[in-house]
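Notes follow once the structure below has been shown.
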Amino acid sequence: MLRIFSAEDREHEPIVITGIGMITSLGDTRETTWRGVQAGESRVRRLRGIPGIPDDSLIGAVVDIDRPPGRLKSIPLCERATDEALCDARIDWSQVDRTRFGCSISGHMGDPHWLFQQSGVSHEESPNRTPWFDQWLPNTACAEVATKHQLGGPRFCHSTACATSLISFLTAVRAIRDGQCDIAIAAGADAIDPLFAAGFSRMRVLATHDDPRQACRPFDKARTGFVMGEGAAALVVERLSHAVQRDCRIYGEVLGGTMLAEAHHVTDLHQESEALAYLVQETLRKSHLSPSDVGYINAHGTGTEQNDRVEMRGIRRGLGRAADEVCVSST
């Protein structure tokens, strides 16, 4: 049965997920990645062959992917994930209004020194090459995906550190609820580069371990920090009525989401976790859920001494006694 929603009740129409795309160190599709997760695999290894990073000095989870010379790695990663998500959503472009198709994508900008070194290469004309100065712009990944598929709806890109991809997703959902579009692709991508590796190393927040596969251990007593990684993920979200009309598979419904800033310090966290507790409670309220309804939380979980302690305190304050029954991990 098809439910018809008027403009007045558009705000309350369900938003559903209809497409998933992913490329990670575990696999180049969502299915191969998920099989790796189920098998408990780890592709974390000592880094070699990354310009600016001495071999074996750091550990990370990288993605092997072909890319044209002078092209930032995060852009083809993002393209692969979004292509898979759109294919998975079974988009029939002859039946979709591209002017009502939004795009909320954020990609890692990369090391400006590397981009500058590649400027000589990018001066050569090539249909598969983006000039180095364009790649430094934060909206490049979003623009390339939208242009490739001729998406004429609203475009968004964000730069909010580790929360970037989630905020890109929530922005796409908000755009649909606001009536700016009926369907949207939301994605995020990241790649390892010397600039950020050096910064994290100086902050002493990167994990160290004799066995790289055992280094990533958030919320563990023996945690030593986080492991840098590469990859991209994308989701197609749309109005329920739009999805039903297309007769596509529906993975789930987006019940709610909340965005806020702690406004405490650039890197340090407020020890009382008041902002995080409020975030949890506000999200439950918007989603019409109680703490006992929550079964799993995919946390930030950086594996640092301070973050894991403060984050778990915020989760406990937000959920109360129900926190004892919730599974928590991070990716």
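Note on the stretch 46-64: residues that are surrounded by 15 or more Cβ atoms within 10 Å (Cβ to Cβ) and modelled with pLDDT of 80 or more total 7. Every condition in (1) surrounded by 18 or more Cβ atoms within 10 Å (Cβ to Cβ); (2) within 21 Å of the chain's Cα centre (by Cα) is met by F196 except one, and the failing one is (1). With the condition kept exactly as written, say whether any residue in the stretch 164-183 is among the small types (G, A, S), assigned to a loop (DSSP other than H, G, I, E, B) and crowded, with 18+ Cβ neighbours inside 10 Å. There is no residue in the stretch 164-183 that is among the small types (G, A, S), assigned to a loop (DSSP other than H, G, I, E, B) and crowded, with 18+ Cβ neighbours inside 10 Å.
P218 satisfies every condition listed in (1) over 30 Å from P54 (Cβ atoms); (2) in a loop (DSSP other than H, G, I, E, B) except (1).
Taking the stretch 222-331 as the region of interest, none of the strands (runs of 3 or more DSSP E) fully inside it holds 2 or more residues being touching a Lys or Arg at 6+ places or on another chain (Cβ under 6 Å). V205 falls short of the stated requirement of being outside the structural domain of V96 (by TED's automatic domain parsing), farther than 30 Å from D28 by Cβ and out of contact with any helix residue (DSSP H, G or I) (no Cβ under 7 Å at 6 or more places or on another chain). Within the option set R90, R35, being at pLDDT 90 or above and part of a helix (DSSP H, G or I) holds for one residue only, R35. In the stretch 106-124 there is at least one residue that is at pLDDT 85 or above and outside the structural domain of K286 (by TED's automatic domain parsing). Could you say whether any residue in the stretch 291-305 is surrounded by 14 or more Cβ atoms within 10 Å (Cβ to Cβ), over 30 Å from G19 (Cβ atoms) and in contact with a Cys (Cβ under 9 Å, 6 or more places away or on another chain)? Looking for residues that are surrounded by 14 or more Cβ atoms within 10 Å (Cβ to Cβ), over 30 Å from G19 (Cβ atoms) and in contact with a Cys (Cβ under 9 Å, 6 or more places away or on another chain), one finds at least one in the stretch 291-305, hence yes.
Quick grid of which residues meet (1) under 23 Å from D190 (Cβ atoms); (2) outside the structural domain of G188 (by TED's automatic domain parsing); (3) touching a strand residue (DSSP E or B) at 6+ places or on another chain (Cβ under 8 Å):
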site	(1), (2), (3)
H209	yes, yes, yes
F219	yes, yes, yes
A243	no, no, yes
S273	no, yes, no
L284	no, yes, no
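The values are calculated or read from the model by the stated rules, or taken from the named source; none is laboratory data. Remember, predicted model here, so these are calculated numbers, not experimental data. Here Cβ is always computed from backbone atoms with ideal geometry, including for glycine, and neighbour counts include all displayed protein chains.
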